[in-house]
Structure formats: structure tokens, C-alpha cells
Amino acid sequence: MSLIRRIDLRDADETVDYRAAVPRADFDIEAAVPAVHAICEEVRTRGLDAIREFGEKFDGVAVDDIRIAPEALTAALEQLDPDIRAGLEESIRRLRLTCANELEQDAVTDLGPGARVTHRKVPVGRVGLYVPGGLAPLVSSVLMNVVPAQIAGVQSIALSSPPQRDFGGSVHPTILAACALLGVEEVYAVGGAQAIAMFAYGAGSCQRVDLVTGPGNIWVVTAKRILKGQIGIDSEAGPTEIAILADDTGNAAYVAADLISQAEHDPLAASVLVTTSERLAAEVEVELEAQVATTKHVERIITSLRGQQSGIVFVRDLEQGLEVINAYAAEHLEIHTEDAAAWAARVRNAGAIFVGPHAPVSLGDYCAGSNHVLPTAGCACHSSGLSVRAFTKSVHVIEYSREGLAEVADHVVTLADAEDLPGHGAAITVRMQS
């Protein structure tokens, strides 16, 4: 049995829905809503007691004090492997540079004498950052959440990650070390939906936040959907995914390695190759067999590659391939073609685009300087990845003198009357008559 199925779209006509032709994993948030709603209500009404109970039930560990002591953060950093620290520091350095360039300046528009509107960018006051810790301790997600928040000017940052049985109910030490390296002092050993509810309602020493960001499993994603409005959220990120657009110039060993790199995240992860080349596809299948046999998380990877969400998709040419990948709107998109930059420039829908043979997705996961918290499940057609902008909001500041108001007074009164809101007009005329 092949490790990955084939999907042939070469004879497809214009009526084919390419987004449906490349299916994704089943990730039924609606089915999880009743259970997650109950968890959120328990946290809202019972606070810390409910959080402790859910931690014992879902994470298999009883945590007395959910907040990590400052000395534990310091100790984790002191004990961190020097090579890991060096990698984290370089990743932080690069991410800070790109985030600093994303900062938007206030925009001032003078509309006439005494008539000014300022579009002011204001950082969110307090944020809750979620870092997964289930199948893998995603220390890189600490950086991807914290750095843009700090560059945006957020003054109050809380971070939560699941308690680990192997570490006495604390957060994974590498995650703690990354928090200490970034100066994040408020860290909680809380996972799943209960962590999002803690951020939304406040519990124990954790005060409620304005915004929650960070990826997570279906329980986390469902809690974000339920509590959206109570808090702001970045996105409803589902299982990770990679799409690769490749022609005959693609390197089969590189392509196979990159498909595997995403498959090792989760059995529901999607690995999709869109190609014009039968030869490349056959070589990739051979490479997958060879490389999977020597990697670590074999069962997880095979489940992902053989799932309905993964496949090799054949297209008649790169123009059709471009249509397929724009419809699919992948979280991560790699371009392995001749003149890759030109094809990448025509992509509309992707969370992040990796151009050419030496820009694999794993580079973006750690040290590219880009952010790896990205829209999944086709949401890249309308949403963006995490950035400084996610941690800021816009406020219009309106400054008008009497002279400036007089210039448009008649228009305002006329429009107010047109909407049958005479009080609106009266707020103008009372000023003009004084």
C-alpha cells in the first residue's frame, strides 16, 4: 500500500471546485461545542477549582498552584542546553527585526483648515498566549507569540501551556526557559479549553485578558470560537498543513522531507504535493518510503500521509496548479518550480510562501524571521498569520475647529434628515448658532 494517495485533476474542467477536490482532515468544531461550553462555564462559575479538576482529568496531573514560580523560570533558563539557547536567541533576533518593520505609524489626514483625522495605532492592553504541549513541546510558539506582542507594545502578557506529568505538573522546562529568555514572568500550567476560559474570565491570580493568540488542539480552537466576543482571538487554527507546487525541476528528496516534516506534527496534519510531473511524483513516493523508515514518529507520520487530507495532486500545467493552490489556501506553501519567485508572486492565498529549494517550512518554524502561527483549513483566503498587527488596534481621533465644522455642517444636517435622525442634525446646528 502506498504511503500517499494520488488525485488526478488533469482532465478537470472549469466547473470543478478545486477547494473540495483536495479534501482536508475531519476537524468538527461544532461536535466539540457542547463539551467545551460546559468546561468554559465551569471555569466561569468555579474558577480555580474547576481548572485544577480539569487539569487532573485531561492532563493526568494534579496542580496545586497553577502559576509557575519565578525561580522555576530562572532555573529552567540556567539549565537550558547552550546550543538550544543559541538557537532561540537567533530566532528571537531575526523575528524582532521583521516585527519592528511591521510596526505601523499613525496616519494624519488634514481635510481642510481646522479639520484633522488621525488614525492612531494602539497596542492591546493585556494578552493571553497559548503554547501547545501535547504531542510536542512547541517552544518555538513561545517566540512566535511573545515577540510580536512585545514589539507591538503590549504591557501585560500572560502565557499558558499544559502541565506535564514528566515534570511534576509544571510546564515543559524548555518552554519555561524561553519565557525567561523573553522576560515573560506570568506563566500558567493550564492546558486545553480551560486555559482559554481562564484567560477570558480570569481565575486565581490570572486576570482576564483582552486578546488570546496561539495554536492548539480542537478543544482550544472550540473554546476560542465560543469565547470570541468575550475576548479577541487571532484565528481558529486547525491541524497543520503543507502544500507544495512543483514541476520537473523539483528535488524529490527535498519534497519528501518537507511533506514528512509536517506529517510528524499530528496524525491529522495534511501533506499535499501539487505537480505537473509523473517522474517527480514517482521519485517522491520512493523517497517517502525510504525517509519515513528512518525517522522517529513513524506511526504518526504514516497516519497523516495516508489520511484523506494528504495526497499527490496531478495538474496538466503550472497554471492549473496555481488555481489549485489558490483554492486550497494552504497554511504553508512551498514553490519548487523553475522561476519559483515569479510563480510565488502570483499566489493570492497562503499563510506563508516558501520560495525555492532552500526555503523549507521548517526554516519558517524556527529561524526565517517569519511567524509560524498561520491560518489553516483554507482560512488563508481571508485571514493572515500572526504579526504585530494582531496585537494592535486602530482608533480614529477627530479634531475639528469651529471653522472646520462649519465647512461640512450643512452636509451633516442634510444627511441626518435623510436618515430621519433630526437630533443628529441638531447637535451640529446648536454649535453653528452659538
Once you put a point 7 Å from the Cα of residue 46 and another 7 Å from the Cα of residue 294, both along the Cβ direction, what distance in nm separates them?
5.2 nm
Looking at region 298-385, which trypsin sites (Lys or Arg not before Pro) are DSSP coil and have at most 12 other C-beta atoms within 10 Å of their C-beta?
346, 348
Which angle between 0 and 90 degrees, to the nearest 10, do you get for helix 278-294 versus the longest principal axis of the chain when only C-alpha atoms count?
80 degrees
With only Lys, Arg, Asp and Glu charged, each at its Cβ (+1 for the first two, -1 for the last two), find how big the charge dipole of region 250-291 is about the Cα centre; round to the nearest 20 debye.
120 debye
Rounding to the nearest 20 debye, state how big the charge dipole of region 86-174 is about its Cα centre with +1 on each Lys and Arg Cβ and -1 on each Asp and Glu Cβ.
140 debye
Would you indicate which of (1) 0.99; (2) 1.46; (3) 1.05 is the value of Rg/Rh (Cα atoms, Kirkwood Rh) derived from the coordinates of this structure?
(3)
Unit charges at the beta carbon, dipole of region 29-237: most positive-side option, 84, 169, 190
190
Per-residue HN-Hα couplings for region 314-323, Karplus 6.51 cos²θ - 1.76 cosθ + 1.60 at θ = phi - 60°, whole Hz, x for Gly and Pro?
8, 10, 6, 7, 5, 4, 5, x, 5, 4
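I'd like the antiparallel share, as a percent to the nearest 5, of DSSP beta bridges with both residues in region 86-181.
Approximately 55 percent, going by the DSSP bridge assignments.
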Using a 7 Å offset from the Cα along the Cα-to-Cβ direction at both residue 248 and residue 362, what is the distance between the two label points in nm, to one decimal?
3.0 nm
Return the calculated 222 nm mean residue ellipticity for the chain, to the nearest 500 deg cm²/dmol, obtained by summing -39500 (n - 2.57) across DSSP H runs with n ≥ 4 and dividing by the residue count.
-14000 deg cm²/dmol
In whole Hz, with x marking every Gly and Pro, tabulate ³J(HN,Hα) for region 258-263 from phi via Karplus 6.51 cos²θ - 1.76 cosθ + 1.60, θ = phi - 60°.
6, 4, 5, 4, 7, 4
How big is the charge dipole of region 29-237 about its Cα centre, in debye rounded to the nearest 20, if each Lys and Arg gets +1 on its Cβ and each Asp and Glu gets -1 on its Cβ?
560 debye
Once the Cα atoms of helix 29-46 and of the chain are each reduced to a long axis, what angle between those two axes, in degrees from 0 to 90 to the nearest 10, is obtained?
60 degrees
One can check that the equivalent ellipsoid of region 165-321, built from the alpha-carbon gyration tensor with semi-axes equal to the square roots of five times its eigenvalues, has lengths in Å, largest first, of 39, 19, 13
Fraction of beta bridges assigned by DSSP in region 29-237 that are antiparallel (%, nearest 5)
35 percent
If N is the residue count of region 29-237, its Cα Rg over 2.2 N^0.38 Å rounds to 1.10
So if each residue of separation counts as 0.36 nm, and I subtract the Cα-Cα distance between residue 411 and residue 38, what length gain in nm does that give?
129.1 nm
Just to confirm the number: angle between the C-alpha axis of helix 402-418 and the first principal axis of the chain, 0 to 90 degrees, nearest 10?
80 degrees
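Every number here is computed from the coordinates shown, using simple stated rules; none is lab data. Keep in mind the model is a prediction, meaning the values are calculated, not measured. Cβ sites come from the backbone with ideal geometry, for glycine too, and all protein chains shown count toward neighbours.
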